[in-house]
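Just so it is clear, none of the values below were taken in a lab; they were calculated from the coordinates. All values reported here derive from a predicted model rather than from experimental measurement. FYI the Cβ positions are ideal-geometry reconstructions off the backbone, even for glycines, and counts take in every protein chain you see.
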Amino acid sequence: MSKPNRRVYIVDDDSSVRRSMRFVLAAAGYEPRPFASGEDFLEELPHLQPGCVLLDVRMPQLNGLQVLSTVRERGNRFPVLVITGHGDVPTAVEAMKLGADDFLEKPFVDDVLLRSLETLSARLNEDAEHDRRLAEASERIALLTQREREVLQGLIGGYSNKEIALKLSLSVRTVESYRADLMRKLEMSSVADLVRFGILLNLPPLD
C-alpha cells in the first residue's frame, strides 16, 4: 500500500490565515501548500498531486463557490473543505450542492479543522488505493484470452463449469482448463477472488 496522502492545499486570499493554517497543518504532520487566490489554484490544479483542499468562500475575483464549481466541472475529485463565515448557512448548503465534502464556519478551533481533515484524508487514501487496485486489475485482465475472459464472466454470473460449457459450446474439461489458466494469470486461488476482481472492473456476467 502506498504512503498515506497528507497533502493539503490552502486557498485563501488572507496571508495571515494562510500562515496560521500552514503552521497548524505542518505541526499536525500534513504537507500544506498555500495559494493566494482561486485563480492561482485553478492554474496549478492540472499539475497537482491528489490532496485535500481548504477553500475560503470570501475571496475577490473568483470566490470559493466559483472555484469549487470549476474544480468539479473539470472532473477533479480532491476532497474540498469549504470555510464560510459564521452563520452563513445558505452558502454552506450551496457549497455542499456544488460538491464540497465538508464545511467549517469561522471562527473555528484547530481541533475541529484537524478532525475534518483526518476524515477527508482517509477518504482520499481510500480512493487512491481503489484507483491503484483498478489499474492493477486492468493490467491483469489484459493478459487473458477472449475465451478466458468469457469463462471469467461466467463465473462472475454464478454459473457452474457445466453451465459455462453449454453457453460457450465447449466441453467441461476445456472450461476447467481455461479456469485454471485464468486463475494462474490473475494470481488468484478462489472463485470469490475472481468475483471480487470482476466487480472491481465492473465486468458484465456472461449472457
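Under a 5 Å amide H cut-off, with hydrogens placed 1.01 Å from N, F35 pairs with I10, V11, D12 among residues at least 5 apart or on other chains.
Any idea what % of Cα-Cα pairs in region 1-57 are farther than 15 Å? Cα-Cα pairs in region 1-57 separated by more than 15 Å: 46 percent. Could you list which residues have their amide H under 5 Å from that of R7, counting only those 5 or more apart in sequence or on another chain, with H placed in the peptide plane? Those qualifying (amide H under 5 Å, at least 5 residues apart or on another chain) are E31, C52. Each of D12, D111 was scored by other Cβ atoms within 10 Å of its Cβ. Listed from fewest to most, they are D111, D12. Amide H contacts of M188 (H built 1.01 Å from N, in plane; Pro and chain starts excluded): no residue 5 or more places away or on another chain comes under 5 Å.
Ranking N76, Q146, V89 by how far each Cα lies toward the positive end of the dipole of the chain (charges on Cβ) leaves Q146 at the top.
What does the extension gain come out to for R133 and E163, with contour length at 0.36 nm per residue minus their alpha carbon separation? Walk me through the intermediate numbers first.
Details: separation 30, 0.36 × 30 = 10.80 nm, distance 3.01 nm.
Stretched out fully, the R133 to E163 stretch lengthens by 7.8 nm.
Please report the net charge: other residues with Cβ closer than 11 Å to the Cβ of D13, K and R +1, D and E -1. If you can, show how the numbers build up before the last one.
On the way: positive: R18, R58; negative: D12, D14, E39, D40, D56.
Value of the local net charge: -3.
Each residue of region 157-162 was assigned a 3J(HN,Hα) from its phi angle through the Karplus curve 6.51 cos²θ - 1.76 cosθ + 1.60 (θ = phi - 60°); the sequence is x, x, 7, 7, 4, 5 Hz, with glycine and proline shown as x. The stretch between S37 and D111, if pulled fully straight at 0.36 nm per residue, gains 24.1 nm over its current Cα-Cα span.
In region 89-165, taking the dipole from charged Cβ atoms about the Cα centre, the farthest positive-side position among N125, G99, L155 is held by L155.
Rg and Dmax of the chain, based on Cα coordinates, read 23.8, 73 Å. Scalar couplings 3J(HN,Hα) for region 90-105, obtained by applying the Karplus form with A = 6.51, B = -1.76, C = 1.60 to θ = phi - 60°, are x, 5, 4, 5, 4, 4, 5, 5, 7, x, 5, 8, 6, 8, 10, 9 Hz; x denotes Gly and Pro. The charge dipole of region 57-207, taken about its Cα centre with unit charges on the Cβ of Lys, Arg, Asp and Glu (plus for the first two, minus for the last two), comes to roughly 580 debye.
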